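Report on the following structure.
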Amino acid sequence: MDNRFSNIFNLTEDQAIALLKKPLNTEDGTSERYVGAAHLINFPTERAINALIEAIKDPDPALENRIARRKAVESLGRLKAVQAMPVLKSCLADEDPLTVENAVWAIGEIGTEDESILEAIAELLTKPNQTYRVIIHTLANFDYKPAIAKIEPFTNDPDEAIASAAIASIARLTGNLSQMDRVAEFLQHSNINARRACIQDLIDAEYYPAISAIAKAPISVVFRLRGIRLLAAKGLATNKISFAEIEPSLDRIICDRPQDIEMVHEYDQAPSIEFLIRELYHTDFGRCYLAGKTLLEIYPNESTTALLQTYAEEAHNDYGAHFHVIKLLGLLNHQPSYDLIVQALHNTSPQFQKSRAAAAIALGNLQATQAIPLLKEALNTPIFELKYACLLTLEQLGASCWTEVADDQHLLIKAKANYKMN
């Protein structure tokens, strides 16, 4: 669990509890109760847990209190507070669907073998306006087979993310993966949320035939790489898949060329270069990849000037567009951009992490042998995708370093190194 931002206000336990108990009619009571509930995850004590339980028991229907209660439920889940199970079970009958959702999630985090609780969660599938995806996932994680009949109708839900979860959960609960190709098909859905959601379902069902489709899906490299890494870790550990079967897809994701993506969008006519540059800022990476591919195909000569201009104006400070600009400058073999790409390689801001791996690959596309020392230095990183990208580029530039990472902490780097050496 990532707790980097969990105590940004630097509150003590006493201060957090005091905020949680603050009367609602005080100024700014909304955020203060919520802040108190959020920050008690830093204190796994009886006192903190009891304060969170008491907060949930406050029946005040005011929105401010409902928000605080939801957060208190989540915090108990994060604290894995077994003693909170009775109050969490009572939350399953709450009138607020978001409180119910958090209660289901929290029970999943804490764990239980109480059949009455699992049945109460399953029963939620018969109630309207619930967060069905979370409920279905939780039941599958508990391997609660009596829920199969209640999950089954959701396999054809009009909400693709819910349908995906239901199909994958039925597969997990029955051991029958025959319908999992339907989940893999969501990787090419026009709805970005459906594309993103189904990756988790493919991971949960350990559906290894989807690995190559994940690599080519028009989704952010972060989602695809997470999917491949988690599937690979499970598959290699159980000998259900070999590294030779994983390698092409893994390399394709790290290199992340728009030409290798299976697009879900298309243009009716050739767009202007100005339109394509704006598309690089879109939150749907499917549209970004299509724009990048089109820039390379239609405007190979004009693109570098447009990319450098948008970099100077906005992309230097927009981590999504920054990533695409760096990558495209490499694919365009724009040698004058060498210094800018090296700058991206060394950018340690967390939000620009994707761009560092893109920069390493771009240096390979530039055939920049002068960057070999910089790439070797970057191998000291704990960031998987940056390290893997540097290793691919060093090999491309004739300075292979696979033997040096034969015992790497990252499973797939170690597997690749041993695969290369055998």
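General observations
- Of everything listed in (1) touching a helix residue (DSSP H, G or I) at 6+ places or on another chain (Cβ under 6 Å); (2) under 27 Å from Ile53 (Cβ atoms); (3) not hydrophobic (A, V, I, L, M, F, W, C), the single unmet condition for Thr112 is (1).
Here's the yes/no breakdown for (1) in a helix (DSSP H, G or I); (2) touching an Asp or Glu at 6+ places or on another chain (Cβ under 9 Å):
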| residue | (1), (2) |
| --- | --- |
| Leu375 | yes, no |
| Leu386 | yes, no |
| Leu392 | yes, yes |
| Glu395 | yes, no |
| Gly398 | no, no |
| Asp408 | no, no |
| Ile413 | yes, no |
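- Look at (1) touching a Ser or Thr at 6+ places or on another chain (Cβ under 9 Å); (2) without any contact (Cβ under 8 Å) to a residue 60 or more places away in the chain and you find that Gln259 fails only one, number (1).
- Subset of segment 137-151 (residues that are of a type in the set (A, V, I, L, M, F, W, C), surrounded by fewer than 21 Cβ atoms within 10 Å (Cβ to Cβ), in a helix (DSSP H, G or I) and touching a helix residue (DSSP H, G or I) at 6+ places or on another chain (Cβ under 8 Å)): Ile148
- So Ala315, is it surrounded by 15 or more Cβ atoms within 10 Å (Cβ to Cβ) and farther than 19 Å from Glu274 by Cβ: no
A short reminder: the numbers here are calculations on the coordinates, not readings from a lab. Since we're looking at a predicted model, the values are computed, not measured. We place every Cβ from the backbone using ideal geometry, glycine too, and count neighbours over all the protein chains shown.
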